[in-house]
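Scroll down for the structure; my scribbles are underneath it.
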Amino acid sequence: MRKTNLMDVRLQNANTILHELELHEGTTNTEIALTYRFSIPTVTKIVNVLKQNDMVQYLGANQSSGGRRAKRIGLNPDYRNFIGLFISKHIVYLAVIDFTGKVIKNSSVYCQFEDTPSYWESIRQLIEDILQFTTAPCTCGLAVPGICDYEHDQIIRLDSLGISSLSISAVRKHMQCDIWINNSEKISGLAQLYGKEQYTNAVFVTLNRHISGVLILNNEIFTFSSFDCAFGDMIISRESKHVSCGPAGTFNSLCSSSFIIDLLRKEGIEDLYDSFFQALNNGNEHYLQLWNEYLDHLAVGIHNIHAVFGINVVVGGEMANYLPPYFEELCCRIDRLSALVPAKDYLLFSEYGRFDSAIGAALDARKEYIRTNLPILLQKQEEA
């Protein structure tokens, strides 16, 4: 077992300080020292390194009650930008964040997935277009709806893209840049955690073309061995209804985004979700019946997940953008199944919705950039 040395301790302390600045902008060295029981010289030394390398900046000074005024510090938003992409079967979602984690741009592009050079060239061009938009240096992250097996250089379980696997090194070669690649559900969970304290314990469920999710406990993300929480395989109905993403009666077959995608494609409609909800709002009786069935099934799925874990359930993914207007209605349907804990007390919708995975990919790139570069900065300061 490797012994912990002084550099390990300094690195851990530096990460703690950066995390505190993610949560509380405008804090002071003294406040950090008191919160984490660090010595003030320890905090000052690390903050000076971060300031010298432009990771943090001074935001002004507190009012003085006598003596020197304490300087407030915060992350420098212009230090670096991070680009995140999420590849789904029909759409590519993009997001750009600054160093504080603030989303400064997001968009989506209709792009049918194909594992071909021309497809990957179009993805690379999307990144190039974003690079023209930003003036800060950039690092990229990619979210994929499968499991990343780095040891064998494979992304597997890509059923929702219509293939079995991809080569990680081949994707990076197509991108022509060093890009961080990770599982979309896992890093969607990262997007929920970043800069927040209310999701200390929660189950995050993504309603994409496949339903999956992660368990968040004490601010740590758990995915159960190499696979995500397979919520989509949960049986919630005996109805014999099949869609492209799973067997009859499963959460996947009844509540994934394929519910709408496949319906509209049968009717020759290409703009996916918006057409459905526009028709729904205009009183389309057929769509209204389907949507009521959808909410009933979704209520069963959410109820079952909460019954097992007993903590907050956060719903994200492509469908989450359209669910907030139906929050009260959905809660009523859940409470009819069991009113031991009112659904409104534990059900939350992700603030990022369909951009969860793209923002998570950008945050994952940020995390990996810090993990790789922070030790180098601290070591240089130590040797100076």
Review point. Filtering segment 207-234 down to residues that are closer than 20 Å to Leu290 by Cβ and part of a strand (DSSP E or B), which residue is modelled with the lowest pLDDT?
Key: Ile211
Practice item. At least 3 residues that are touching a strand residue (DSSP E or B) at 6+ places or on another chain (Cβ under 9 Å), modelled with pLDDT of 95 or more and more than 29 Å from Tyr93 (Cα to Cα) in each: list the helices (runs of 4 or more DSSP H) lying fully within segment 281-384 that qualify. Key: none
**Study point:** Among residues of segment 38-47, those that are free of Cβ contacts under 8 Å to residues at least 24 places away in the same chain and within 31 Å of the chain's Cα centre (by Cα), counted
**Key:** 0
Study note, to complete from the structure: Sole miss for Asp364 among (1) touching a residue at least 60 places away in the same chain (Cβ under 8 Å); (2) in the same structural domain as Tyr294 (by TED's automatic domain parsing) is condition (2)
Point to revise | Close pairs (7 angstrom Cβ cut-off, 6 or more residues apart or separate chains): in contact (Cβ under 8 Å) with a residue 60 or more places away in the chain in segment 108-125, surrounded by 13 or more Cβ atoms within 10 Å (Cβ to Cβ) and in a loop (DSSP other than H, G, I, E, B) anywhere | key: Tyr110/His90
Check your understanding: Within segment 295-309, is even one residue surrounded by fewer than 16 Cβ atoms within 10 Å (Cβ to Cβ), over 12 Å from Leu347 (Cα atoms) and not acidic (Asp, Glu)?
Key -> yes
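For (1) in contact (Cβ under 8 Å) with a residue 60 or more places away in the chain; (2) in contact with a Phe, Trp or Tyr (Cβ under 7 Å, 6 or more places away or on another chain), each residue gets a yes or a no:
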position	(1), (2)
Asn292	no, no
Asn304	yes, no
Val314	yes, yes
Leu378	yes, no
Check your understanding: Among the residues of segment 98-116 satisfying the criterion of being closer than 27 Å to Ala170 by Cβ, hydroxyl-bearing (Ser, Thr, Tyr) and under 20 Å from the mean Cα position of the chain (by Cα), which is surrounded by the most Cβ atoms within 10 Å (Cβ to Cβ)?
Key -> Ser108
Practice item. Would you tally the residues in segment 44-58 being among the β-branched types (Val, Ile, Thr) and over 12 Å from Leu18 (Cβ atoms)? Key: 1
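The values are calculated or read from the model by the stated rules, or taken from the named source; none is laboratory data. This is a predicted model, so every value here is computed, not measured. Virtual Cβ from ideal backbone geometry, glycine too; neighbours counted across all protein chains shown.
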